[in-house]
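The values are calculated or read from the model by the stated rules, or taken from the named source; none is laboratory data. Given the structure is predicted, the values throughout are model-derived calculations rather than measurements. With ideal geometry, Cβ positions are generated from the backbone for all residues, glycine too; neighbour counts draw on all protein chains shown.
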Amino acid sequence: MYKNKKILAIIPARGGSKGLPKKNIRIFLGKPLIVWSIEQAKRSNYVDAILVSTENQEIANVARKNGIQVPFLRPKALATDKSPSIDLIIHALDWFEKKGKLFDILVLLQPTSPLRKRNDLDSAIKKLIDNGDKANCVIGLGEVLHENPYLIKKVDNGYVSHVIKMKKNSNTHQRQQLPKSYFPYGVIFASKVTTLRKEKTFYQKKTMPYFIERWQNFDIDDIYDFLCAEAIIKEKLDEII
């Protein structure tokens, strides 16, 4: 709890990963990948309850082994490749409300983005609540550099062209002159429950950024992401634990 606001952290973890099978429980620097997010949530000074939302019994068992109750398995209809995150969030909030448990703030921690600094979670929560009159949501953003959308190309009929058309005489080779662009990596999504239910998205009218560092810009989808993130976490372990 922070400033009398009750906070729920949800860690969503499907069992049906195609890019990297069983990635959420794949051993990542000595422990299942999802455990990194579990431990980060448990270290928070403000989180009141932690839920692992999964349809997979094996993932549920790993969560329970690491001290997290998994009171229900997510319906399989909410655990497909096309299932929006908001649906599993509303499902979880409804389950808690039926039990008489209400929360003011919902935090979503994607287990595939384990590169969180030890203060990221609480700092983002504080930013949201301290700016309660100006912000309804806070999301983690990492600046994209070489992947800047103004630099990205497409191929039409065998020829290379810009995805975003540039003005004539624009210098597209100087990245420093381009507008800064950001990607919402899964380090942190935090929202007031009331506006999340109303707008059904984290990209709300009053969404503030929580900027992360370049080395945190990873969302593990395949084995190459996994190996890179594992190498980074070894180097940055003292900032994470």
* Structure fact -> When segment 70-79 is checked residue by residue, the ones that are surrounded by fewer than 12 Cβ atoms within 10 Å (Cβ to Cβ) and in contact (Cβ under 8 Å) with a residue 12 or more places away in the chain are 71
* Asked: Based on what the data block shows, is residue 102 outside any helix (DSSP H, G or I) and among the hydrophobic types (A, V, I, L, M, F, W, C)?
  -> yes
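Yes/no per residue for (1) under 20 Å from residue 134 (Cβ atoms); (2) surrounded by 12 or more Cβ atoms within 10 Å (Cβ to Cβ); (3) at pLDDT below 85:
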{"site": "158", "(1), (2), (3)": "no, no, no"}
{"site": "179", "(1), (2), (3)": "no, no, yes"}
{"site": "184", "(1), (2), (3)": "yes, yes, no"}
{"site": "191", "(1), (2), (3)": "yes, yes, no"}
{"site": "195", "(1), (2), (3)": "yes, yes, no"}
{"site": "200", "(1), (2), (3)": "no, yes, no"}
{"site": "213", "(1), (2), (3)": "no, yes, no"}
{"site": "222", "(1), (2), (3)": "no, yes, no"}
{"site": "233", "(1), (2), (3)": "no, yes, no"}
* Structure fact -> Here the residues within segment 197-241 that are part of a loop (DSSP other than H, G, I, E, B) and closer than 15 Å to residue 142 by Cα are 212, 213, 217, 218, 219, 220
* Across segment 75-93, what is the total count of residues that are at pLDDT below 90, closer than 12 Å to residue 12 by Cα and either aliphatic (A, V, I, L, M) or touching a helix residue (DSSP H, G or I) at 6+ places or on another chain (Cβ under 7 Å) (or both)? -> 2
* Asked: Does segment 78-94 contain any residue that is among the acidic types (Asp, Glu), farther than 23 Å from residue 191 by Cβ, over 19 Å from the mean Cα position of the chain (by Cα) and assigned to a helix (DSSP H, G or I)?
  -> no
* Asked: Of the residues that make up segment 126-136, is at least one part of a loop (DSSP other than H, G, I, E, B), of a type in the set (Lys, Arg) and within 15 Å of the chain's Cα centre (by Cα)?
  -> no
* Asked: Can you find even one residue in segment 67-76 that is charged (D, E, K, R) and on the phi > 0 side of the Ramachandran plot?
  -> no
* To do: Would you be able to say whether some residue in segment 23-36 is at pLDDT 95 or above, outside any helix (DSSP H, G or I), farther than 25 Å from residue 201 by Cβ and of a type in the set (Val, Ile, Thr)?
  => yes
* To do: Inspect all residues belonging to segment 44-66 and state whether any of them is touching a helix residue (DSSP H, G or I) at 6+ places or on another chain (Cβ under 8 Å), in a helix (DSSP H, G or I) and exposed (fewer than 15 other Cβ atoms within 10 Å of the Cβ).
  => yes
* Quick one: in segment 80-89, which of the residues that are hydrophobic (A, V, I, L, M, F, W, C) and crowded, with 16+ Cβ neighbours inside 10 Å is farthest from residue 107 (Cα to Cα)? -> 88
* Structure fact -> Looking across segment 6-56 at residues that are hydroxyl-bearing (Ser, Thr, Tyr) and either touching a strand residue (DSSP E or B) at 6+ places or on another chain (Cβ under 8 Å) or in contact (Cβ under 8 Å) with a residue 60 or more places away in the chain (or both), the single one that is nearest to residue 80 (Cα to Cα) is 54
